[in-house]
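Below: one structure, written as structure tokens.
The values are calculated or read from the model by the stated rules, or taken from the named source; none is laboratory data. Keep in mind it's a predicted model, so treat the numbers as computed, not measured. Neighbour counts are summed over all protein chains in view; Cβ atoms, including those assigned to glycine, are modelled from backbone coordinates with ideal geometry.
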Amino acid sequence: MTPGSVLPQDFYARDPKAVARDLLGKVITRGRVAARIVEVEAYLGERDPGSHAFRGPTHRNATMFGPPGFLYVYFTYGMHWCANVVCTTEGEAGAVLLRAGAPLSGLATMRKRRPAARRDLDLCSGPAKLCEALGITGRDDGTDLRGGPIRIVDDREPAPPRRTSPRIGLAAGRGDHHRWRWYVPGDPNVSGPKGVGARTARRQWTERPRAGYPGEQRA
DNA sequence: ACCGGGATGTTCT
DNA sequence: GAACATCCCGGTG
């Protein structure tokens, strides 16, 4: 993997939907562990019923209201961490949820952190899995993505193919109809809806592999 | 393969 | 007391 350049703050100081789209294909790193981002979701802040910031600032979502280019990490379902990238400007709470990645390097470390993963395909194929593989916890909330332990870099690979879909896991009426999820079609690490109709829905959302995209992993 | 349900604790009603 | 931006395991076909 080429070294790559850290994404500048300007990259994050935009509408979360634009940031989400442009984050596909970028690389998140922690030490020697790295994954290519293949699935994200945009959350628009106080005007988005699906966002943690919908009801204004709280202790939990404070980082979202800070400057762009920082990591917002939250705890959910009593046992999982999820990581977001803070967008727009200080005082606004736009963010992008990192939902899945394709393992690039440090796979041995990932496997150690995620003993439940039976295949490499299970290492980063979900928001909480990605956090666990990269060792992201609440301690990393509020850290700078340009200079902290966790960084997002552009390794100058060509932009991957992109698709959109409704966001996953939102209750009805929480903005679940907006197509604010972006993913790389055909990448097997992309997470999908669980439960009834998963197979049909997954086909609809993930579709078929396209031209071989660098970093795309077939395990 | 495809489901169904349990785990587990913080946040907000 | 309910909801929750989830994951994993074990049952069944």
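Numbers for the structure displayed
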item	result
Single match in A:ALA102, A:ALA108, A:ALA117 (criterion: under 16 Å from the mean Cα position of the chain (by Cα), small (Gly, Ala, Ser) and modelled with pLDDT of 95 or more)	A:ALA102
Qualifying residue in the stretch A:110-126 (condition: surrounded by 15 or more Cβ atoms within 10 Å (Cβ to Cβ), more than 15 Å from DNA strand B (Cβ to nearest atom), in a helix (DSSP H, G or I) and of a type in the set (Lys, Arg))	yes
Near pairs, Cβ below 9 angstrom, 6+ apart or cross-chain, from the stretch A:54-66 (without any contact (Cβ under 8 Å) to a residue 12 or more places away in the chain and within 10 Å of DNA strand C (Cβ to nearest atom)) to any residue that is among the acidic types (Asp, Glu) and part of a loop (DSSP other than H, G, I, E, B)	A:PHE54/A:GLU46; A:PHE54/A:ASP48
Given (1) in contact with a Phe, Trp or Tyr (Cβ under 7 Å, 6 or more places away or on another chain); (2) in contact (Cβ under 8 Å) with a residue 60 or more places away in the chain; (3) within 20 Å of A:ALA35 (Cβ to Cβ), index of the condition A:ASP120 fails	(1)
Only listed residue being under 24 Å from A:ARG174 (Cα atoms), among the basic types (Lys, Arg) and part of a strand (DSSP E or B), chosen from A:ARG99, A:ARG36	A:ARG99
Long-range neighbours under 9 Å by Cβ, at least six apart or interchain, first residue farther than 14 Å from A:SER51 by Cβ within the stretch A:170-187, second part of a loop (DSSP other than H, G, I, E, B) and of a type in the set (Asp, Glu)	A:VAL184/A:GLU216; A:PRO185/A:GLU207; A:GLY186/A:GLU207; A:GLY186/A:GLU216; A:ASP187/A:GLU216
Of the criteria (1) surrounded by fewer than 18 Cβ atoms within 10 Å (Cβ to Cβ); (2) in a loop (DSSP other than H, G, I, E, B), which one A:GLU92 fails	(1)
